[in-house]
Number of protein chains: 2
Amino acid sequence: MKIVFLGTGAAVPTKNRNHSSIGLKFDGEILLFDCGEGAQRQMIYTDISPMKINNIFITHLHGDHILGLPGLLQSIGFNGRTEPINIYGPPETKETIENILKIGYHSINFNIKVYELSTKNPMKIKDTEKYEIYSYPMNHSVPTVGYIFREKKKPQLNLKKAIELGVEVGPNLKRLKDGYPIKIKNGKIIYPEDVLLPPKKGICIGYSGDTTPLEDFGEFLKSLGCNILIHEATFDSSKKDNALETMHSTIGDAVNIAKIAGVTELILTHISARYDDKMDDYINEVNSLNAENNNLNITIAEDFMKYPLKSKNK
Amino acid sequence: MKIVFLGTGAAVPTKNRNHSSIGLKFDGEILLFDCGEGAQRQMIYTDISPMKINNIFITHLHGDHILGLPGLLQSIGFNGRTEPINIYGPPETKETIENILKIGYHSINFNIKVYELSTKNPMKIKDTEKYEIYSYPMNHSVPTVGYIFREKKKPQLNLKKAIELGVEVGPNLKRLKDGYPIKIKNGKIIYPEDVLLPPKKGICIGYSGDTTPLEDFGEFLKSLGCNILIHEATFDSSKKDNALETMHSTIGDAVNIAKIAGVTELILTHISARYDDKMDDYINEVNSLNAENNNLNITIAEDFMKYPLKSKNK
């Protein structure tokens with residue numbers, strides 16, 4: 001499992017930061033969160049393959065989060081994609097995708113299924129064998145949703161106990177792990193609960209999109225047991241007024257939400273273009289907050305940064 | 001005057017080449033030819049300022065030539081542009097721009113005037129004091145026009161003759177140069193034709209867009225006195241079949257058109273992604289054609305290449 005930051009800038013691109021886009025590689029799949037202009041080209045410099053993206057999650061319909069969609073969709077069409085693709089986003093995402101498909105001549109011959117999400121209530125929007133994804137209403141100048149990716153971990157097998165009970169090493173161990181009872185040689189039935197330990201905690205990642213700080217978002221992440229928060233921090237804390245005016249967050253805001261959520265990792269992204277040439281204030285604040293907070297590791301995202309997570313799924 | 005290559009790739013972007021876009025700086029103005037995805041970010045690395053673009057010329061409505069428009073227009077809107085912008089393109093450009101403006105929330109508060117050009121006949125589409133621009137119907141899989149930029153040079157003043165005739169050094173010299181007769185001290189009238197030499201030849205640049213080779217395009221460039229041709233050469237000449245199939249040109253095709261046009265400079269662009277890692281065949285053919293042709297200088301365009309032209313307008 002790997003998070004690949006494809007773009008970490010704010011409204012306009014800079015020399016160092018492209019528009020917002022984050023790829024999440026998990027178990028052979030790629031989940032894409034936001035898709036700013038140029039995302040398809042950013043991918044070329046990483047191991048994110050556009051053809052392997054089946055699910056795209058859009059936080060809101062500002063250009064810096066969506067204008068990579070036309071090119072991405074046209075390019076995978078040009079390269080012969082036939083598998084359907086799912087796009088999740090706030091209300092009006094459907095109409096936006098329809099308009100995107102009207103631009104220019106292209107050869108998109110795959111189905112695009114659009115899911116419009118609530119900006120009033122959290123939703124569980126995806127539930128697979130290995131993970132679930134939630135959306136959460138955020139607070140920006142236009143309808144916005146954040147997302148939470150939560151890995152599902154299977155219960156662990158207590159191998160020693162299973163062997164003590166007479167289970168032979170072989171397919172029966174997997175059946176027990178998968179939750180099925182089995183019959184051993186002496187005719188005795190062994191039930192999963194006899195040999196399973198509670199599952200290890202999986203990875204759970206919250207992504208804020210653009211927003212003012214929302215304490216209830218932090219509480220929601222806590223209820224899901226999130227350990228990583230990717231939060232926008234467009235400004236350093238001395239620019240709180242700019243953040244309020246533009247409905248964004250500061251570094252301090254993001255740290256506050258991270259503490260409420262109880263995550264151990266906070267990654268700051270959506271960094272204003274004003275810092276492109278002089279990042280000192282921003283870095284100094286993060287350094288000082290890192291020194292103050294023993295239980296929270298704060299990282300400033302950079303384009304092409306890969307976030308290596310301690311997980312068996314690489 | 002300077003040509004800035006913002007993107008020199010073909011259908012899909014590569015590590016080295018972004019989608020098609022060319023900026024032409026002339027006398028304080030910037031004319032933009034095609035605007036592939038990411039053009040606004042490419043500009044950051046050059047001295048092309050998006051805010052100074054008043055005229056955009058689109059060759060055809062394939063994504064790799066237009067998908068930078070939504071972001072460019074939204075960003076200059078975000079940065080407070082109020083001056084109108086002109087966009088020229090083939091039929092359906094108007095509808096395309098309308099659909100582009102429907103994508104996402106943005107703050108475009110300037111007027112966009114769209115001019116749809118003939119794909120049957122050449123047109124003079126712009127005529128200013130200092131230059132004129134023509135469109136020319138090309139031959140691609142979708143309606144396509146090429147463009148010709150032609151500098152207007154004023155007649156030169158024969159200063160020696162003017163002074164011999166009794167014109168005093170001062171404002172009267174400029175009046176004569178501007179085409180007005182003047183009266184000198186002895187009451188005699190001096191007419192412009194008495195003291196003006198024919199104008200020097202200005203810069204004239206043809207740009208093909210995507211096309212099969214068109215000999216009549218070459219002849220049109222010749223009739224205008226063009227000296228520079230920017231021609232697509234998606235493939236080297238060994239891939240003529242690919243070029244025919246996709247309605248593109250090879251290096252050899254472009255050289256042929258350049259010879260018909262009688263230009264001295266040929267710049268090849270829109271280079272297939274297949275050459276990104278192995279450019280040898282392409283370069284070898286260009287080297288060999290350069291060796292064969294004494295009167296033609298062939299250059300392979302690269303992203304961010306600036307083409308310095310010998311002109312007083314820098």
Only one residue in B:Ile44, B:Ile112 is more than 12 Å from chain A (Cβ to nearest Cβ) and either of a type in the set (Asp, Glu) or more than 18 Å from B:Phe149 (Cβ to Cβ) (or both), so which one is that? B:Ile112
Yes/no for A:Ile133 being aliphatic (A, V, I, L, M) and farther than 30 Å from A:Gly9 by Cβ: no
How many residues are open to solvent by less than 10 Å² (accessible area, probe 1.4 Å), assigned to a helix (DSSP H, G or I) and of a type in the set (Ser, Thr, Tyr) if we restrict to the range B:36-89? 0
Criterion first (over 24 Å from A:Phe26 (Cβ atoms), of a type in the set (Phe, Trp, Tyr) and open to solvent by 30 Å² or more (accessible area, probe 1.4 Å)) does A:Tyr105 satisfy it? yes
With the requirement that a residue be open to solvent by less than 30 Å² (accessible area, probe 1.4 Å) and within 14 Å of chain A (Cβ to nearest Cβ), what does the range B:115-159 give you? B:His140, B:Val142, B:Thr144
Cβ-Cβ under 6 Å, sequence separation 6+ or interchain: first residue in the range B:288-308 and surrounded by 16 or more Cβ atoms within 10 Å (Cβ to Cβ), partner part of a loop (DSSP other than H, G, I, E, B). Which pairs? B:Ala301/B:Thr8; B:Asp303/B:Thr8; B:Asp303/B:Arg17; B:Asp303/B:Asn18
Just one listed residue, out of A:Ile182, A:Ile189, A:Ile163, is among the hydrophobic types (A, V, I, L, M, F, W, C) and either in the same structural domain as A:Asp64 (by TED's automatic domain parsing) or out of contact with any strand residue (DSSP E or B) (no Cβ under 9 Å at 6 or more places or on another chain) (or both), and it is A:Ile163
Can you confirm whether B:Lys222 is assigned by TED's automatic domain parsing to the domain that holds B:Glu132 and not in a loop (DSSP other than H, G, I, E, B)? yes
Taking the stated definitions as given, is B:Thr14 more than 22 Å from B:Ile125 (Cβ to Cβ), more than 14 Å from every other protein chain (Cβ to nearest Cβ) and modelled with pLDDT of 95 or more? no
Which one is nearest to B:Thr46 (Cα to Cα) among residues in the range B:20-35 that are without any contact (Cβ under 8 Å) to a residue 60 or more places away in the chain and in contact with a Leu (Cβ under 9 Å, 6 or more places away or on another chain)? B:Gly23
Residues of the range B:239-287 classified as aliphatic (A, V, I, L, M), open to solvent by 10 Å² or more (accessible area, probe 1.4 Å) and part of a helix (DSSP H, G or I), total: 4
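The values are calculated or read from the model by the stated rules, or taken from the named source; none is laboratory data. In this text the structure is predicted, and so the values were computed from the model without any measurement. Here the Cβ is made from the backbone with ideal geometry for all residues, glycine too, and neighbour counts use every protein chain on show. Keep in mind that these areas ignore ligands, DNA and RNA; they rest on the heavy atoms of the full protein, side chains included. Shrake-Rupley method; radii C 1.70, N 1.55, O 1.52, S 1.80 Å.
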